[in-house]
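The values are calculated or read from the model by the stated rules, or taken from the named source; none is laboratory data. Values in this document were obtained by computation on a predicted structure and should not be read as measured data. Neighbour counts run over all protein chains shown; Cβ positions are idealised from the backbone, glycine included. The protein model used for the area step is the full one, side chains on, heavy atoms only, and it has no ligands, DNA or RNA in it. Shrake-Rupley method; radii C 1.70, N 1.55, O 1.52, S 1.80 Å.
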Amino acid sequence: MINVRWGRGQCPCVPDVVTAMQMMYDVNRVRKDFPILARQVYGKPLVYLDNGATTQKPRCVVEAMVDEYYNVNANVHRGVHFLSQQATDLHEASRESVRKFINARSVNEIIFTRGTTESINLLAFSFGESMVKEGDEIVVSAMEHHSNIVPWQMMCARKGAVLKVIPMTDDGELQIDEYVKLLNEKTRLVCCTHVSNVLGTVNPVKEVVRIAHEQGVPVLVDGAQSTPHFAVDMQDLDCDFFAFSGHKMYGPTGIGVLYGKEEWLDKLPPYQGGGEMIKNVSFEQTTYNELPYKFEAGTPDYIASHALATAIDYVTALGMDNIFRHEQELTRYAMDCMKEIEGMRIFGPVEGHDAVISFQVGDIHHLDMGTLLDRLGIAVRTGHHCAEPLMRRLGIEGTVRASFGLYNTREEVDVLVEGIKRVAQMF
Ligand code: C6P
């Protein structure tokens, strides 16, 4: 038994990394924590540049899951027996880890979900049921992922509400002056991504929140693509809701978080009914549990919450600022190299690009480019990236996307650049 005896913030696989990392970010040392990075594909060393879709897992995250299954496994909040209490302690300690990681005020504001998509669906249902009526308006941005569009469309269809869109410039930046004009007495909620999964745009969400709050309108921030790359602070952003996924930040699949200010969550009705979310049930009436359990019907994925907390320990030990600096340096290097390739078109802002580069080369189809890069061992994503309205706005069908993580290197960028050149020569 290993991890289960450690308190949060004392992940056993990181102490030796901490001291080294605080002095200098040693990416080659970091890579050793990720066994999959040593793989070969088609006889070539794997160059994994699809981190926007999901990140690889450090050994300590996988071991945390195995350890808990082997040594602790029991349902949480339900048993008086030793194992159940221990599993409950780990699960609730994980909630505290998440609270600290995003600097929320209280653990009551941390709701475990299956991921960003479920977090947004939860909010769309609960907020829609209680706060939205016919003719009301929900504002989303032009660069949202489908997960931050479709749940709102479904809710608007149910309630007779209307979806409004904040436009963006050709460079992929939100038009804040147009956003201001969209807000009126019918606006119920603004939903905006922190970082675009296609363009790498880092949106000025603090300003988006401030402007909405001046009109008394709450804001949901989609943090799926920001939490893996830089520190986020709920009290500083002052957003009312924030959603993110564990698997995009070196944690396991199947776990995510909806943060909500307590005063909002208190007002909203539950999303699903079942065990855990109730206080008392009779055939006549049910009373609901307090926060955060009111929104967590059924057995939670307590193994995944513990592993997410281990991932949080891991990135915290490396230092979110170190990760940010490393990825920024890598992205700038990649942009500089890629710009030199003939026929290269990079989408998104020139400055303030997060660790995502979407591109096309000449008229080479993105699928051809992605397939041929794959043969060279380079994993990138191709297509519309679950952002079809954004593709339409750009007048394209899809892009090739390279997205970086904390373990990527300059050498891997060189392999990508050489790979793109090789593919381009073939056409
Ligand atoms: N984007 C990508 O390759 P889930 O699937 O629930 O963990 O995350 C959904 C989601 C929501 N918002 C943004 C900004 C996202 O980028 C994603 C996931 C992946 O870009 C898979 S489509």
Tally, over region 132-164, of residues that are within 16 Å of the ligand (Cβ to nearest atom) and in contact (Cβ under 8 Å) with a residue 12 or more places away in the chain: 13
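So which residues in region 119-134 are open to solvent by less than 40 Å² (accessible area, probe 1.4 Å), part of a helix (DSSP H, G or I) and touching a helix residue (DSSP H, G or I) at 6+ places or on another chain (Cβ under 7 Å)? Walk me through how you get there before you give the answer.
Within region 119-134, the subset open to solvent by less than 40 Å² (accessible area, probe 1.4 Å) is 119-120, 122-124, 126-128, 132.
Okay, now just the ones that are also part of a helix (DSSP H, G or I), so 119-120, 122-124, 126-128.
Scanning region 119-134 gives Ile120, Leu122, Ala124, Gly128.
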From Asp374, Asp321, residue being surrounded by fewer than 21 Cβ atoms within 10 Å (Cβ to Cβ), at pLDDT 95 or above and closer than 20 Å to Tyr48 by Cα: Asp374
Checking Gly79 against (1) within 21 Å of the chain's Cα centre (by Cα); (2) of a type outside the set (A, V, I, L, M, F, W, C); (3) modelled with pLDDT under 95, the condition it does not meet: (1)
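For region 384-404, does any single residue satisfy the condition of being over 27 Å from the mean Cα position of the chain (by Cα) and either surrounded by 23 or more Cβ atoms within 10 Å (Cβ to Cβ) or farther than 18 Å from Thr54 by Cα (or both)?
Checked region 384-404: no residue is over 27 Å from the mean Cα position of the chain (by Cα) and either surrounded by 23 or more Cβ atoms within 10 Å (Cβ to Cβ) or farther than 18 Å from Thr54 by Cα (or both).
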Residue in region 168-192 that is nearest to Asp222 (Cα to Cα), counting only those that are assigned to a loop (DSSP other than H, G, I, E, B) and open to solvent by 60 Å² or more (accessible area, probe 1.4 Å): Glu173
Residues located in region 252-311, provided they are open to solvent by 20 Å² or more (accessible area, probe 1.4 Å), hydrophobic (A, V, I, L, M, F, W, C) and either touching a Pro at 6+ places or on another chain (Cβ under 6 Å) or assigned to a loop (DSSP other than H, G, I, E, B) (or both): Phe283, Ala297
Failed item, numbered, when Cys386 is tested on (1) at positive phi; (2) assigned to a helix (DSSP H, G or I): (2)
Selection status of Glu388, of a type in the set (D, E, K, R), within 15 Å of the ligand (Cβ to nearest atom) and either in the same structural domain as Glu92 (by TED's automatic domain parsing) or closer than 30 Å to Leu268 by Cβ (or both): yes
The listed residue being under 21 Å from the mean Cα position of the chain (by Cα), open to solvent by 10 Å² or more (accessible area, probe 1.4 Å) and under 20 Å from Ala297 (Cβ atoms), out of Asn103, Asn108: Asn108
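Regarding region 273-281, can at least one residue be identified that is within 16 Å of the ligand (Cβ to nearest atom) and at positive phi?
Of the residues in region 273-281, the ones within 16 Å of the ligand (Cβ to nearest atom) are none.
No, that holds for no residue.
Determine if region 335-347 includes at least one residue that is within 16 Å of the ligand (Cβ to nearest atom), under 25 Å from the mean Cα position of the chain (by Cα), crowded, with 22+ Cβ neighbours inside 10 Å and closer than 29 Å to Val61 by Cα.
In the first step, residues of region 335-347 are kept if they are within 16 Å of the ligand (Cβ to nearest atom); the result is 347.
Among the residues that remain, those that are also under 25 Å from the mean Cα position of the chain (by Cα) are: 347.
So of that shortlist, the ones also crowded, with 22+ Cβ neighbours inside 10 Å come out as 347.
Applying the additional criterion that residues be closer than 29 Å to Val61 by Cα yields none.
Checked against the condition, which is being within 16 Å of the ligand (Cβ to nearest atom), under 25 Å from the mean Cα position of the chain (by Cα), crowded, with 22+ Cβ neighbours inside 10 Å and closer than 29 Å to Val61 by Cα, region 335-347 yields no hits at all.
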Any hit, region 197-212, residues being in contact with a strand residue (DSSP E or B) (Cβ under 6 Å, 6 or more places away or on another chain) and at positive phi: yes
Qualifying residues in region 45-63 (those that are more than 16 Å from the ligand (Cβ to nearest atom) and surrounded by fewer than 18 Cβ atoms within 10 Å (Cβ to Cβ)) - the one farthest from the chain's Cα centre (by Cα): Pro45
Residue in region 135-148 that is modelled with pLDDT of 95 or more, farther than 30 Å from Val356 by Cβ and in a helix (DSSP H, G or I) present: no
